[in-house]
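Below you'll find the structure, written out as structure tokens, and then a few comments.
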Amino acid sequence: MDRSKALAALSALAHETRLSVFRMLVIAGPEGHVAGAIAERAGVPPSTMSHHLATLERAGLVQSERESRLIHYRVDYAAMRRLLTFLMQ
């Protein structure tokens, strides 16, 4: 991982709600959660949560997949490992 990607990822995680959501998705595992459930669990309005999820996705930390009318979010574990490797080097 290069420095600019690491900075983008760390910047995305430097917000209380996004960090909480990222941790929630890590715990959820490969199944992840749908956007509405994430918003409900975090106690955040869906439109605000959409913004936070988009920020995490742009930073490369989560991936989304549309399933009919629902958007399913999962952690990109390979990206998370690259970030951790970068931080440990």
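Hey, could you check segment 24-44 for residues that are farther than 21 Å from L13 by Cβ and out of contact with any strand residue (DSSP E or B) (no Cβ under 6 Å at 6 or more places or on another chain) and say which is least open to solvent (accessible area, probe 1.4 Å)?
So the first thing to find is which residues in segment 24-44 are farther than 21 Å from L13 by Cβ, and the list is 31, 34, 36, 40.
Then keep just the ones that are out of contact with any strand residue (DSSP E or B) (no Cβ under 6 Å at 6 or more places or on another chain); that gives 31, 36, 40.
On the way: E31: 115, G36: 50, E40: 152 Å².
The selected residue is G36.
Just one of the numbered conditions (1) basic (K, R); (2) farther than 16 Å from Q63 by Cβ; (3) touching a helix residue (DSSP H, G or I) at 6+ places or on another chain (Cβ under 9 Å) is not true of R18; which one?
With respect to (1) basic (K, R); (2) farther than 16 Å from Q63 by Cβ; (3) touching a helix residue (DSSP H, G or I) at 6+ places or on another chain (Cβ under 9 Å), R18 is out only on (2).
Restricting attention to segment 45-55, report how many residues are exposed (fewer than 12 other Cβ atoms within 10 Å of the Cβ) and modelled with pLDDT of 95 or more.
Qualifying residue count for the region: 1.
Yes/no per residue for (1) among the charged types (D, E, K, R); (2) over 11 Å from the mean Cα position of the chain (by Cα):
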{"position": "L7", "(1), (2)": "no, yes"}
{"position": "S11", "(1), (2)": "no, yes"}
{"position": "T17", "(1), (2)": "no, no"}
{"position": "G32", "(1), (2)": "no, no"}
{"position": "A42", "(1), (2)": "no, yes"}
{"position": "E57", "(1), (2)": "yes, no"}
{"position": "R69", "(1), (2)": "yes, yes"}
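When residues of segment 49-84 are filtered for being under 15 Å from S11 (Cα atoms), of a type in the set (A, V, I, L, M) and in contact (Cβ under 8 Å) with a residue 12 or more places away in the chain, how many remain? Before you say what the answer is, go through the steps one by one.
Quick first cut of segment 49-84, residues under 15 Å from S11 (Cα atoms) only: 51-62, 79-80, 83-84.
Checking which are of a type in the set (A, V, I, L, M) leaves us with 53-54, 56, 59, 61-62, 79-80, 83-84.
After this cut, where a residue has to be in contact (Cβ under 8 Å) with a residue 12 or more places away in the chain as well, the list is 53, 56, 59, 61-62, 79-80, 83.
Summing the residues that are under 15 Å from S11 (Cα atoms), of a type in the set (A, V, I, L, M) and in contact (Cβ under 8 Å) with a residue 12 or more places away in the chain in segment 49-84 gives 8.
What about R74, is it under 29 Å from Q89 (Cβ atoms), out of contact with any strand residue (DSSP E or B) (no Cβ under 8 Å at 6 or more places or on another chain) and modelled with pLDDT of 95 or more? Let's see the steps before the verdict.
Details: under 29 Å from Q89 (Cβ atoms): yes; out of contact with any strand residue (DSSP E or B) (no Cβ under 8 Å at 6 or more places or on another chain): no; modelled with pLDDT of 95 or more: yes.
Taking the combined requirement at face value, the residue does not satisfy it.
The values are calculated or read from the model by the stated rules, or taken from the named source; none is laboratory data. Fair warning: this is a prediction, and the values are worked out from it, not measured in the lab. Neighbour counts run over all protein chains shown; Cβ positions are idealised from the backbone, glycine included. All accessible areas refer to the heavy atoms of the entire protein, side chains included, with ligands and DNA or RNA removed. Shrake-Rupley method; radii C 1.70, N 1.55, O 1.52, S 1.80 Å.
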